[in-house]
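Worksheet: one structure, shown below.
The values are calculated or read from the model by the stated rules, or taken from the named source; none is laboratory data. Values in this document were obtained by computation on a predicted structure and should not be read as measured data. Note that we place each Cβ from the backbone using ideal geometry, even for glycine, and neighbour counts take in every protein chain shown. SASA here: full protein model, heavy atoms, side chains in, ligands and nucleic acids out. Shrake-Rupley method; radii C 1.70, N 1.55, O 1.52, S 1.80 Å.
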Amino acid sequence: MTKVVISGTGVFTPPYSISNQELVESFNTYVRNFNEKNAAAIAKGEVEPLNESSAEFIQKASGIEARYVMNKDAILDPEIMAPRLRQRSNEEPGILAEMAVDAAKKAMARANKTPADIDAVLVACSNLERPYPAIAVEVQDLLGIEGFGFDMNVACSSATFAIQTAFDMLRSGSVRCVLIVDPEICSGHLNFRDRDSHFIFGDVCTAIIVEREETCTAKGAWEVLGTRLLTKFSNNIRNNFGFLNRATPEGIGAKDKLFVQEGRKVFKEVVPMVSKLILEHMADMGLDPHELKRMWLHQANKGMNDMIGKKVLGREPGPGEQPNILNEYANTSSAGSIIAFSKYNEDLKAGDLGLICSFGAGYSAGNILVRKRA
(Lines give C-alpha, C1' and ligand atoms only; values in the text may rest on other atoms or scores of the structure.)
Protein backbone atom coordinates (compact mmCIF):
# COMPACT_ATOMS: atom_id res chain seq x y z
CA MET A 1 0.00 0.00 0.00
CA THR A 2 1.29 3.45 -0.94
CA LYS A 3 2.59 5.46 2.00
CA VAL A 4 1.42 9.08 2.31
CA VAL A 5 3.22 12.01 3.93
CA ILE A 6 2.57 15.60 4.93
CA SER A 7 5.62 17.32 3.46
CA GLY A 8 4.90 21.01 3.95
CA THR A 9 2.63 23.55 5.64
CA GLY A 10 2.16 27.29 5.35
CA VAL A 11 0.32 29.96 7.31
CA PHE A 12 -1.02 33.29 6.07
CA THR A 13 -1.52 35.65 9.03
CA PRO A 14 -3.68 38.77 8.48
CA PRO A 15 -2.09 42.20 9.00
CA TYR A 16 -4.21 43.34 11.94
CA SER A 17 -4.46 42.06 15.52
CA ILE A 18 -7.14 42.90 18.09
CA SER A 19 -6.37 42.44 21.79
CA ASN A 20 -9.00 41.42 24.31
CA GLN A 21 -8.82 44.90 25.81
CA GLU A 22 -9.50 46.60 22.47
CA LEU A 23 -12.41 44.27 21.79
CA VAL A 24 -13.89 44.82 25.25
CA GLU A 25 -13.66 48.60 25.00
CA SER A 26 -15.66 48.52 21.77
CA PHE A 27 -18.19 46.02 23.15
CA ASN A 28 -18.72 47.91 26.39
CA THR A 29 -19.27 51.16 24.52
CA TYR A 30 -21.96 49.40 22.49
CA VAL A 31 -23.54 48.04 25.72
CA ARG A 32 -23.62 51.45 27.38
CA ASN A 33 -25.12 53.04 24.26
CA PHE A 34 -27.77 50.31 24.03
CA ASN A 35 -28.73 50.54 27.68
CA GLU A 36 -28.94 54.33 27.52
CA LYS A 37 -31.04 54.27 24.35
CA ASN A 38 -33.42 51.70 25.85
CA ALA A 39 -33.41 53.03 29.42
CA ALA A 40 -37.18 53.61 29.58
CA ALA A 41 -38.02 50.15 28.23
CA ILE A 42 -35.45 48.57 30.55
CA ALA A 43 -37.00 50.38 33.54
CA LYS A 44 -40.42 48.99 32.57
CA GLY A 45 -39.05 45.48 32.26
CA GLU A 46 -39.78 45.36 28.53
CA VAL A 47 -36.13 45.06 27.46
CA GLU A 48 -33.30 43.17 29.14
CA PRO A 49 -30.24 45.34 29.85
CA LEU A 50 -26.96 44.20 28.33
CA ASN A 51 -23.98 43.35 30.51
CA GLU A 52 -20.44 44.56 29.94
CA SER A 53 -17.52 42.21 29.35
CA SER A 54 -13.89 42.21 30.48
CA ALA A 55 -10.55 41.08 29.11
CA GLU A 56 -10.08 38.90 32.19
CA PHE A 57 -13.40 37.13 31.61
CA ILE A 58 -12.44 36.32 28.02
CA GLN A 59 -9.01 34.98 28.91
CA LYS A 60 -10.37 32.86 31.76
CA ALA A 61 -13.28 31.48 29.73
CA SER A 62 -11.29 30.58 26.63
CA GLY A 63 -7.55 31.10 26.91
CA ILE A 64 -7.82 33.66 24.10
CA GLU A 65 -5.81 36.87 24.41
CA ALA A 66 -5.89 38.27 20.86
CA ARG A 67 -6.96 37.49 17.31
CA TYR A 68 -5.86 38.42 13.78
CA VAL A 69 -8.42 39.93 11.41
CA MET A 70 -8.62 41.05 7.79
CA ASN A 71 -10.26 44.33 8.84
CA LYS A 72 -9.95 45.97 12.24
CA ASP A 73 -11.43 49.47 12.30
CA ALA A 74 -15.00 48.49 11.43
CA ILE A 75 -15.03 45.62 13.93
CA LEU A 76 -14.06 48.04 16.71
CA ASP A 77 -16.53 50.72 15.63
CA PRO A 78 -19.52 50.42 18.04
CA GLU A 79 -21.83 51.54 15.23
CA ILE A 80 -20.70 48.76 12.86
CA MET A 81 -19.07 45.88 14.78
CA ALA A 82 -18.45 43.77 11.67
CA PRO A 83 -15.59 43.61 9.16
CA ARG A 84 -15.78 45.80 6.06
CA LEU A 85 -14.03 44.29 3.05
CA ARG A 86 -13.78 45.86 -0.39
CA GLN A 87 -16.11 44.52 -3.07
CA ARG A 88 -13.92 42.98 -5.77
CA SER A 89 -14.66 42.67 -9.45
CA ASN A 90 -14.91 39.27 -11.10
CA GLU A 91 -11.60 39.99 -12.81
CA GLU A 92 -9.76 40.25 -9.47
CA PRO A 93 -8.71 37.36 -7.23
CA GLY A 94 -11.26 36.73 -4.49
CA ILE A 95 -10.11 37.45 -0.96
CA LEU A 96 -10.16 33.77 0.09
CA ALA A 97 -8.17 32.80 -3.01
CA GLU A 98 -5.67 35.57 -2.31
CA MET A 99 -5.14 34.33 1.26
CA ALA A 100 -4.92 30.74 0.00
CA VAL A 101 -2.26 31.52 -2.59
CA ASP A 102 -0.04 33.15 0.04
CA ALA A 103 -0.27 30.16 2.39
CA ALA A 104 0.05 27.69 -0.49
CA LYS A 105 3.29 29.21 -1.77
CA LYS A 106 4.81 28.89 1.71
CA ALA A 107 3.73 25.24 1.98
CA MET A 108 4.99 24.46 -1.52
CA ALA A 109 8.38 26.01 -0.74
CA ARG A 110 8.73 23.90 2.40
CA ALA A 111 7.73 20.77 0.48
CA ASN A 112 10.01 21.54 -2.51
CA LYS A 113 7.01 21.50 -4.85
CA THR A 114 6.23 23.44 -8.01
CA PRO A 115 2.77 23.82 -9.55
CA ALA A 116 3.66 21.05 -12.02
CA ASP A 117 4.05 18.60 -9.10
CA ILE A 118 0.50 19.09 -7.79
CA ASP A 119 -2.53 17.25 -9.20
CA ALA A 120 -5.39 18.50 -7.02
CA VAL A 121 -6.38 21.51 -4.90
CA LEU A 122 -8.86 21.20 -2.03
CA VAL A 123 -10.24 24.32 -0.35
CA ALA A 124 -11.59 23.15 3.00
CA CYS A 125 -13.06 25.75 5.34
CA SER A 126 -16.13 26.85 7.29
CA ASN A 127 -17.14 29.91 5.28
CA LEU A 128 -16.86 30.20 1.52
CA GLU A 129 -17.29 33.66 0.00
CA ARG A 130 -19.44 32.29 -2.84
CA PRO A 131 -21.11 29.03 -3.89
CA TYR A 132 -19.51 28.91 -7.36
CA PRO A 133 -17.20 28.84 -9.19
CA ALA A 134 -15.27 26.85 -6.60
CA ILE A 135 -12.61 28.78 -4.71
CA ALA A 136 -10.34 25.75 -5.21
CA VAL A 137 -10.53 26.10 -8.98
CA GLU A 138 -9.66 29.79 -8.67
CA VAL A 139 -6.65 28.95 -6.47
CA GLN A 140 -5.64 26.25 -8.95
CA ASP A 141 -5.76 28.81 -11.77
CA LEU A 142 -3.84 31.50 -9.85
CA LEU A 143 -1.06 29.03 -9.02
CA GLY A 144 -0.92 27.52 -12.52
CA ILE A 145 -1.76 24.00 -11.35
CA GLU A 146 -3.18 21.42 -13.78
CA GLY A 147 -5.63 18.71 -12.71
CA PHE A 148 -8.68 19.56 -10.63
CA GLY A 149 -9.94 21.31 -7.51
CA PHE A 150 -13.05 21.39 -5.36
CA ASP A 151 -14.37 23.01 -2.20
CA MET A 152 -15.53 21.21 0.92
CA ASN A 153 -17.05 22.33 4.22
CA VAL A 154 -17.19 20.34 7.43
CA ALA A 155 -16.94 23.45 9.63
CA CYS A 156 -14.05 23.26 12.12
CA SER A 157 -13.10 19.77 10.94
CA SER A 158 -12.72 20.75 7.29
CA ALA A 159 -8.91 20.48 7.23
CA THR A 160 -8.72 17.00 8.75
CA PHE A 161 -11.55 15.76 6.52
CA ALA A 162 -9.60 17.14 3.56
CA ILE A 163 -6.45 15.33 4.72
CA GLN A 164 -8.33 12.02 4.74
CA THR A 165 -9.77 12.84 1.30
CA ALA A 166 -6.27 13.49 -0.01
CA PHE A 167 -4.94 10.40 1.81
CA ASP A 168 -7.54 8.19 0.11
CA MET A 169 -6.90 9.68 -3.34
CA LEU A 170 -3.15 9.26 -2.99
CA ARG A 171 -3.41 5.65 -1.83
CA SER A 172 -5.77 4.82 -4.68
CA GLY A 173 -3.21 6.11 -7.17
CA SER A 174 -5.45 8.75 -8.75
CA VAL A 175 -3.11 11.62 -7.78
CA ARG A 176 0.54 12.13 -6.81
CA CYS A 177 0.33 15.28 -4.70
CA VAL A 178 -2.51 17.33 -3.19
CA LEU A 179 -2.60 20.93 -1.97
CA ILE A 180 -5.09 21.64 0.83
CA VAL A 181 -5.86 25.23 1.82
CA ASP A 182 -8.07 26.44 4.67
CA PRO A 183 -8.90 30.15 4.27
CA GLU A 184 -10.97 31.31 7.22
CA ILE A 185 -12.46 34.80 7.62
CA CYS A 186 -14.33 33.82 10.77
CA SER A 187 -14.84 37.46 11.73
CA GLY A 188 -17.40 37.61 8.93
CA HIS A 189 -19.85 35.26 10.67
CA LEU A 190 -19.18 36.33 14.25
CA ASN A 191 -21.74 38.36 16.19
CA PHE A 192 -19.55 40.99 17.85
CA ARG A 193 -22.58 42.16 19.87
CA ASP A 194 -23.00 38.84 21.69
CA ARG A 195 -21.18 38.83 25.03
CA ASP A 196 -20.86 35.05 25.11
CA SER A 197 -19.17 34.71 21.73
CA HIS A 198 -17.89 38.08 20.46
CA PHE A 199 -14.29 37.16 21.36
CA ILE A 200 -14.09 33.64 19.94
CA PHE A 201 -12.87 33.87 16.35
CA GLY A 202 -10.01 35.23 14.27
CA ASP A 203 -9.00 35.13 10.60
CA VAL A 204 -6.17 33.14 9.00
CA CYS A 205 -5.33 30.71 6.19
CA THR A 206 -3.30 27.52 6.36
CA ALA A 207 -2.00 25.25 3.61
CA ILE A 208 -0.89 21.62 3.63
CA ILE A 209 0.96 19.54 1.03
CA VAL A 210 0.08 15.83 1.12
CA GLU A 211 1.89 13.47 -1.25
CA ARG A 212 3.12 9.94 -1.85
CA GLU A 213 6.20 9.03 0.14
CA GLU A 214 8.26 8.19 -2.95
CA THR A 215 7.90 11.71 -4.36
CA CYS A 216 8.78 13.48 -1.09
CA THR A 217 12.11 15.36 -1.05
CA ALA A 218 11.43 17.61 1.95
CA LYS A 219 13.19 17.21 5.27
CA GLY A 220 11.11 16.70 8.38
CA ALA A 221 8.06 15.26 6.63
CA TRP A 222 5.43 13.28 8.54
CA GLU A 223 4.04 9.92 7.45
CA VAL A 224 0.27 9.68 7.76
CA LEU A 225 -0.27 6.41 9.61
CA GLY A 226 -4.05 6.51 9.60
CA THR A 227 -7.10 8.73 9.58
CA ARG A 228 -10.52 8.51 11.17
CA LEU A 229 -13.58 10.74 10.83
CA LEU A 230 -16.78 11.02 12.85
CA THR A 231 -19.98 13.06 12.60
CA LYS A 232 -23.02 13.29 14.88
CA PHE A 233 -25.84 15.73 14.23
CA SER A 234 -26.26 18.55 16.74
CA ASN A 235 -27.83 22.01 16.72
CA ASN A 236 -25.56 23.23 19.51
CA ILE A 237 -23.25 24.95 17.00
CA ARG A 238 -25.14 26.43 14.09
CA ASN A 239 -25.21 29.12 11.41
CA ASN A 240 -28.38 29.40 9.29
CA PHE A 241 -27.03 31.86 6.72
CA GLY A 242 -27.37 30.75 3.11
CA PHE A 243 -28.73 31.48 -0.34
CA LEU A 244 -32.27 30.49 0.66
CA ASN A 245 -32.44 33.40 3.13
CA ARG A 246 -33.97 35.54 0.37
CA ALA A 247 -36.79 33.00 0.13
CA THR A 248 -37.64 33.56 3.80
CA PRO A 249 -37.24 37.34 4.20
CA GLU A 250 -38.78 37.33 7.68
CA GLY A 251 -35.54 35.76 8.94
CA ILE A 252 -33.11 38.20 7.33
CA GLY A 253 -30.88 39.80 9.95
CA ALA A 254 -31.86 37.36 12.71
CA LYS A 255 -29.17 36.27 15.17
CA ASP A 256 -29.12 32.71 13.80
CA LYS A 257 -27.73 34.02 10.50
CA LEU A 258 -24.45 34.44 12.38
CA PHE A 259 -22.53 32.00 14.57
CA VAL A 260 -24.52 30.70 17.54
CA GLN A 261 -23.67 27.98 20.03
CA GLU A 262 -24.65 26.43 23.33
CA GLY A 263 -21.13 26.48 24.76
CA ARG A 264 -21.70 24.44 27.90
CA LYS A 265 -23.51 21.70 25.99
CA VAL A 266 -20.77 21.62 23.38
CA PHE A 267 -18.10 21.21 26.06
CA LYS A 268 -20.03 18.44 27.83
CA GLU A 269 -20.77 16.47 24.67
CA VAL A 270 -17.71 17.01 22.47
CA VAL A 271 -14.95 16.28 25.00
CA PRO A 272 -15.96 12.62 25.59
CA MET A 273 -16.79 12.13 21.89
CA VAL A 274 -13.36 13.31 20.73
CA SER A 275 -11.46 11.53 23.50
CA LYS A 276 -13.18 8.26 22.60
CA LEU A 277 -12.46 8.77 18.90
CA ILE A 278 -8.74 9.26 19.55
CA LEU A 279 -8.39 6.34 21.96
CA GLU A 280 -10.35 3.88 19.79
CA HIS A 281 -8.46 4.93 16.67
CA MET A 282 -5.11 4.39 18.37
CA ALA A 283 -6.20 1.06 19.85
CA ASP A 284 -7.36 -0.21 16.46
CA MET A 285 -3.96 0.72 15.01
CA GLY A 286 -2.08 -0.95 17.86
CA LEU A 287 -0.68 2.35 19.15
CA ASP A 288 -0.31 3.30 22.81
CA PRO A 289 -1.43 6.85 23.75
CA HIS A 290 1.60 7.05 26.03
CA GLU A 291 3.76 6.98 22.87
CA LEU A 292 2.37 10.33 21.78
CA LYS A 293 4.97 13.05 21.75
CA ARG A 294 2.61 15.82 20.68
CA MET A 295 -1.07 16.52 20.11
CA TRP A 296 -2.07 19.32 17.77
CA LEU A 297 -5.70 19.80 18.76
CA HIS A 298 -8.41 22.06 17.40
CA GLN A 299 -7.96 25.53 18.90
CA ALA A 300 -11.38 26.53 20.26
CA ASN A 301 -11.06 26.54 24.02
CA LYS A 302 -8.04 25.85 26.23
CA GLY A 303 -10.12 24.15 28.92
CA MET A 304 -11.62 21.78 26.37
CA ASN A 305 -8.20 20.87 24.98
CA ASP A 306 -6.75 20.36 28.45
CA MET A 307 -9.59 17.97 29.30
CA ILE A 308 -9.18 15.97 26.07
CA GLY A 309 -5.42 15.77 26.59
CA LYS A 310 -5.91 14.47 30.13
CA LYS A 311 -8.41 11.81 28.99
CA VAL A 312 -6.12 10.61 26.19
CA LEU A 313 -2.86 10.56 28.15
CA GLY A 314 -4.38 9.58 31.49
CA ARG A 315 -2.64 12.56 33.10
CA GLU A 316 -2.20 16.30 32.69
CA PRO A 317 -0.36 17.09 29.43
CA GLY A 318 3.16 18.32 30.07
CA PRO A 319 4.70 21.49 28.65
CA GLY A 320 5.02 21.22 24.90
CA GLU A 321 2.90 18.10 24.53
CA GLN A 322 -0.20 20.04 23.51
CA PRO A 323 0.68 23.40 21.93
CA ASN A 324 -1.78 26.25 22.36
CA ILE A 325 -2.00 29.07 19.78
CA LEU A 326 -5.30 30.46 21.11
CA ASN A 327 -3.53 33.26 22.95
CA GLU A 328 -2.36 34.77 19.65
CA TYR A 329 -4.81 33.56 16.98
CA ALA A 330 -8.04 32.74 18.88
CA ASN A 331 -10.33 30.14 17.28
CA THR A 332 -9.66 30.00 13.54
CA SER A 333 -12.07 27.14 12.83
CA SER A 334 -10.58 24.52 10.48
CA ALA A 335 -7.14 26.16 10.49
CA GLY A 336 -6.42 25.98 14.24
CA SER A 337 -4.91 22.51 14.53
CA ILE A 338 -2.89 23.13 11.35
CA ILE A 339 -1.44 26.38 12.73
CA ALA A 340 -0.39 24.49 15.86
CA PHE A 341 1.14 21.68 13.75
CA SER A 342 2.92 24.12 11.44
CA LYS A 343 4.45 26.10 14.29
CA TYR A 344 5.28 23.25 16.65
CA ASN A 345 6.56 20.16 14.85
CA GLU A 346 10.12 20.81 13.71
CA ASP A 347 11.72 20.12 17.11
CA LEU A 348 10.48 16.53 17.22
CA LYS A 349 12.72 13.62 16.26
CA ALA A 350 12.50 10.93 13.62
CA GLY A 351 10.12 8.21 14.78
CA ASP A 352 8.13 10.48 17.10
CA LEU A 353 4.37 9.91 17.10
CA GLY A 354 1.81 12.70 17.00
CA LEU A 355 -1.81 13.39 16.18
CA ILE A 356 -3.67 16.21 14.48
CA CYS A 357 -7.26 16.39 15.68
CA SER A 358 -10.10 18.77 14.93
CA PHE A 359 -13.68 18.96 16.16
CA GLY A 360 -16.62 21.31 15.90
CA ALA A 361 -20.01 21.94 14.35
CA GLY A 362 -21.85 18.96 13.06
CA TYR A 363 -20.74 17.62 15.43
CA SER A 364 -17.71 16.62 13.40
CA ALA A 365 -14.31 15.29 14.40
CA GLY A 366 -11.27 14.20 12.42
CA ASN A 367 -8.18 12.42 13.74
CA ILE A 368 -4.90 12.09 11.82
CA LEU A 369 -2.10 9.95 13.30
CA VAL A 370 1.36 10.85 12.03
CA ARG A 371 4.96 9.74 12.58
CA LYS A 372 8.02 11.84 11.77
CA ARG A 373 10.18 10.43 9.00
CA ALA A 374 13.93 9.99 9.25
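Residues in region 76-87: is at least one within 27 Å of the chain's Cα centre (by Cα) and closer than 23 Å to residue 217 by Cα? Within region 76-87, not a single residue is within 27 Å of the chain's Cα centre (by Cα) and closer than 23 Å to residue 217 by Cα.
Of all residue pairs spaced 6 or more apart or on separate chains, none has beta-carbon atoms under 9 Å together with a first member in region 239-266 that is at positive phi and touching a residue at least 40 places away in the same chain (Cβ under 8 Å) and a second member that is of a type outside the set (A, V, I, L, M, F, W, C) and surrounded by 10 or more Cβ atoms within 10 Å (Cβ to Cβ). Based on this model, can you work out whether residue 291 counts as farther than 26 Å from residue 180 by Cα, modelled with pLDDT of 95 or more and acidic (Asp, Glu)? It is true that residue 291 is farther than 26 Å from residue 180 by Cα, modelled with pLDDT of 95 or more and acidic (Asp, Glu).
Would you check if residue 72 is within 29 Å of the chain's Cα centre (by Cα), modelled with pLDDT under 95 and of a type outside the set (Asp, Glu)? No: the conditions fail for residue 72. Of all residues in region 251-266, those satisfying the criterion of being surrounded by fewer than 17 Cβ atoms within 10 Å (Cβ to Cβ) and of a type outside the set (Val, Ile, Thr) are 251, 253, 254, 255, 256, 257, 262, 264, 265. Of everything in region 267-284 that's of a type outside the set (D, E, K, R), closer than 26 Å to residue 201 by Cα and without any contact (Cβ under 8 Å) to a residue 60 or more places away in the chain, which residue is surrounded by the most Cβ atoms within 10 Å (Cβ to Cβ)? Filtering first and then ranking leaves 271. When region 228-254 is filtered for residues that are in contact with a Leu (Cβ under 8 Å, 6 or more places away or on another chain) and either more than 27 Å from residue 270 (Cα to Cα) or in a loop (DSSP other than H, G, I, E, B) (or both), the ones remaining, listed by number, are 239, 241. When the residues of region 1-15 are filtered to those that are more than 12 Å from residue 206 (Cβ to Cβ) and among the hydroxyl-bearing types (Ser, Thr, Tyr), which remaining residue is modelled with the highest pLDDT? Among those that are more than 12 Å from residue 206 (Cβ to Cβ) and among the hydroxyl-bearing types (Ser, Thr, Tyr), it is 7. Evaluating residue 5 against the criteria (1) outside any loop (DSSP other than H, G, I, E, B); (2) more than 30 Å from residue 213 (Cβ to Cβ); (3) of a type outside the set (Ser, Thr, Tyr); (4) more than 19 Å from the chain's Cα centre (by Cα) leaves one unmet condition, (2).
To keep it simple, each residue is scored yes or no on (1) among the polar types (S, T, N, Q); (2) open to solvent by 10 Å² or more (accessible area, probe 1.4 Å); (3) in contact with a Phe, Trp or Tyr (Cβ under 8 Å, 6 or more places away or on another chain); (4) at positive phi.
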| site | (1), (2), (3), (4) |
| --- | --- |
| 121 | no, no, yes, no |
| 124 | no, no, yes, no |
| 128 | no, yes, no, no |
| 131 | no, yes, yes, no |
| 137 | no, yes, yes, no |
| 140 | yes, yes, yes, no |
| 143 | no, yes, no, no |
| 149 | no, yes, no, no |
| 156 | no, yes, yes, no |
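Residue 101 is checked against (1) over 30 Å from residue 237 (Cβ atoms); (2) surrounded by fewer than 24 Cβ atoms within 10 Å (Cβ to Cβ); (3) among the hydrophobic types (A, V, I, L, M, F, W, C) and fails just one. What number does that condition carry? Unmet condition: (1).
Given the residues 206, 248, 215, which is the only one that is within 30 Å of residue 312 (Cβ to Cβ) and among the hydroxyl-bearing types (Ser, Thr, Tyr)? Residue meeting the stated conditions: 206. Identify, from the list 215, 227, 206, 248, the residue that is closer than 30 Å to residue 169 by Cβ and surrounded by fewer than 18 Cβ atoms within 10 Å (Cβ to Cβ). Going through 215, 227, 206, 248 in turn, just one is closer than 30 Å to residue 169 by Cβ and surrounded by fewer than 18 Cβ atoms within 10 Å (Cβ to Cβ): 215. Does region 60-68 contain any residue that is buried (at least 20 other Cβ atoms within 10 Å of the Cβ) and farther than 26 Å from residue 22 by Cβ? Within region 60-68, none of the residues are buried (at least 20 other Cβ atoms within 10 Å of the Cβ) and farther than 26 Å from residue 22 by Cβ. Being within 18 Å of residue 299 (Cβ to Cβ) and open to solvent by 10 Å² or more (accessible area, probe 1.4 Å) is the filter here, so list the residues in region 158-198 that pass it. Listed by number, the residues that qualify are 161, 185, 189.
Anything in region 128-161 that is under 23 Å from residue 176 (Cβ atoms), of a type in the set (A, V, I, L, M, F, W, C) and out of contact with any Asp or Glu (no Cβ under 7 Å at 6 or more places or on another chain)? List them, or say none. 137, 139, 142, 143, 145, 148, 150, 152, 161, listed by residue number. With respect to (1) under 16 Å from residue 94 (Cβ atoms); (2) buried (at least 17 other Cβ atoms within 10 Å of the Cβ); (3) among the basic types (Lys, Arg), the lone exception for residue 110 is condition (1). Do we have any residue at all in region 104-122 that's within 30 Å of residue 222 (Cα to Cα) and polar (S, T, N, Q)? Yes, because at least one residue in region 104-122 is within 30 Å of residue 222 (Cα to Cα) and polar (S, T, N, Q).
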